[in-house]
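Inspection log for the structure reproduced underneath, given as structure tokens.
Nothing in this text is a laboratory measurement; each read-out follows from the coordinates by a stated rule. Keep in mind it's a predicted model, so treat the numbers as computed, not measured. With ideal geometry, Cβ positions are generated from the backbone for all residues, glycine too; neighbour counts draw on all protein chains shown.
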Amino acid sequence: MTEKVSITIDGKTTELPVLKASEGRSVVDVRGLIAEGIFTFDPGFLSTASCDSKVTYIDGDAGILLYRGYPIEQLANQSNHLEVCYLLLNDELPSQSQYDSFESSIKSQQTVDPNFQNIFNGFTQGAHPMSMVSAAVAGLASLFHEETDITNADDRMQTAHRLIAKIPTLAAMAYKHGRGEAFVEPNDDLTYAENFLNMCFGTAGEDPNVSPTIAKAMDRIFLLHADHEQNASTSTVRMAGSTDCNPYAAISAGICALWGPAHGGANEAVLLMLNEIGDESRVEEYVNKAKDKNDSFKLMGFGHRVYKNFDPRATVMQESCHAVLVEQGVEDDALLKVAQRLEKIAREDDYFIERKLYPNIDFYSGITLKAVGIPTELFTVIFTLGRMPGWITHWNEMLSAPYKIARPRQLYLGESSRDYVSISDR
Ligand code: ACO
């Protein structure tokens, strides 16, 4: 029997069905309320499920993250990013031949049209790479939108492959443009992560020389960021995509949403914060600033909207981070010492314990990326690469079933209707 809840407003009772989840919380289906002229109020969507989805499950209290049912720890330890891309897009892990054909599809589409590469010349050298990457992804529509039918499942999958293939190339081009260096062409002999690193840090015309440790850490960072259900950027992709705009525009909107320091920009903000603190001796002062209600300063890389126990990705990333620090021999780096002291104090301080503010994945990915020598301005771009399969999978999932244009309502608190007064009479 369907469970129901009743609500009574102005003496009228309405029954609302409760929809059962396969895992986690059931939700009250409030869609019937519109017929009664009632809206719900939930700024920031803290208690609203905006869609149903079969992609990713998070239990923030238990610290569980599953991609298509598979625990993130198992995927991080046994899989790789490209296999996870296939899993997200296709519901199931690939057989060897499916994996091989997916990998060759990605590798065959890594290059970017030489004319299109001129888009980067329109940007100043100091432009943030996220502005270049978001513009370049939106610009891909100029090359491919005409041949994409978003109502066709094969075309949508083709778009997914194309975006996963080209995003490392565009990201590396943005980076190289910022450095005033020549672009390095994609190399099919390298893995996904190796190729990205080579396009960023290699030199055009020279043989690749990528550290396996750094490539492994990078692949893990991509994999850990691959999806995170209805977060701000993914919800942005769904919202933009619900207008039937081209997929490149929808994904570009998601990239812009990811840029903010409360979301994907947090790993960059972690490093900026560590730089500002500068020395271990000042950590306590900054912890006190973070606790001060009259100070807007927050400890970047701490806290999460969903994980109120621990972030399972942070646990995996912490292991990688410590391994990388040892292998790179940089445990004595001043900023990394600041980070370690900060982590210790925050984990022991009542303010953080009571509010369940634990170091999140960005804290450890920021430190890891710094330890392997990745420039700070590339951090959010790396998150963008990782999140691409998640965004495109959610876009595809939405378009694979009936959907409506996203159009929230509001609680209006402004003026009631009043007459215009001419400027001379005001
Ligand atoms: N430093 C200090 N205090 C904090 C922090 C922090 N990083 N985060 C939250 N708080 C405090 C708040 O001031 C609030 O205190 P109060 O109850 O005394 O008013 C309490 O903890 C609850 O905070 P909310 O803002 O309600 O938590 P919410 O779930 O809305 O926000 C968020 C989560 C945005 C991630 C927040 O913790 C934050 O800004 N963290 C720093 C930025 C960051 O690391 N973002 C990355 C998110 S993960 C990702 O995108 C992959």
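Comparing C321, C51, C85 in a Gaussian network model of the chain, where Cα atoms under 10 Å apart are tied by springs, the biggest mean-square fluctuation is seen for C51.
Extension gain for V5-K344 works out to 117.5 nm (0.36 nm per residue, less the C-alpha to C-alpha distance).
For the chain, with a Gaussian network of springs between Cα atoms less than 10 Å apart, report the residue from A240, A215, A334 with the top mean-square fluctuation. Residue with maximal mean-square fluctuation among A240, A215, A334: A334. Mean separation of Cα pairs under 8 Å and 6 or more residues apart, divided by the residue count, gives the chain a relative contact order of 20 percent. From helices alone, the chain scores -15000 deg cm²/dmol at 222 nm; the rule is -39500 (n - 2.57) for each run of n ≥ 4 DSSP H residues, then divide by the residue total.
Cβ crowding within 10 Å, taken as a proxy for footprinting-reagent exposure, orders S6, S104 from fewest neighbours to most as S6, S104.
Here the simple spin-label model places points 7 Å from the Cα toward Cβ, and for S142 and S104 these points are separated by 3.3 nm. With a point put 7 Å past each Cα toward its Cβ, work out how far A334 is from R282 in nm, to one decimal. The answer from the label model is 1.0 nm.
Shown for S22, S252, S50: other C-beta atoms within 10 Å of each C-beta, ranked fewest to most, produce the order S22, S50, S252. Percent relative contact order of segment 298-426, based on C-alpha pairs within less than 8 angstrom and at least six residues apart? 32 percent.
Most tightly packed first, judged by the mean number of other beta-carbon atoms within 10 Å of their residues, the peptides 169-177, 26-34, 351-359 read 169-177, 351-359, 26-34. Based on the alpha-carbon gyration tensor of segment 108-223 and its eigenvalue square roots a ≥ b ≥ c, which shape applies: rounded if a/c is under 1.5, prolate if not and a/b is larger than b/c, or oblate? Oblate, since a/c reaches 1.5 and b/c is not below a/b. Annotation note: chymotrypsin sites (Phe, Trp or Tyr not before Pro) in segment 27-58 located in DSSP loop regions with a Cβ neighbour count of at most 14 within 10 Å are F39, F41.
When the C-alpha to C-alpha distance is required to be over 19 Å, the pairs from K216/K370; K337/K370; K107/K166; K54/K216 that qualify are K54/K216. Net length available on complete extension from I353 to I405 is 14.7 nm, with 0.36 nm assigned per residue and the Cα-Cα distance removed.
Put in order of Cβ neighbour count within 10 Å, fewest first, the listed residues Y412, Y364, Y286 become Y412, Y286, Y364. Taking a Cβ cut-off of under 11 Å around A204, the surrounding Lys, Arg, Asp and Glu residues balance to a net charge of -2, with basic ones at +1 and acidic ones at -1.
With a simple spin-label model that places each label point 7 Å from the Cα along the Cα-to-Cβ direction, the separation between C51 and D295 comes to 4.1 nm.
Cα gyration tensor of segment 307-405, axes a ≥ b ≥ c as square roots of the eigenvalues: rounded (a/c below 1.5), prolate (a/b > b/c) or oblate? It is oblate, given that a/c is not under 1.5 and a/b is not larger than b/c. Take 143-151, 88-96 and order them by the average number of nearby Cβ atoms within 10 Å per residue, most first; the result is 88-96, 143-151. Using the Cβ-Cβ distance between I38 and S211 with R0 = 60 Å, the FRET efficiency computed as 1/(1 + (r/R0)^6) comes to roughly 0.55.
The aspartates and glutamates whose alpha-carbon is closer than 17 Å to the alpha-carbon of K344, local same-chain residues fewer than 8 away aside, are D279, E280, E284, E285, D311, E319, E331, D332, D333, E354, D362.
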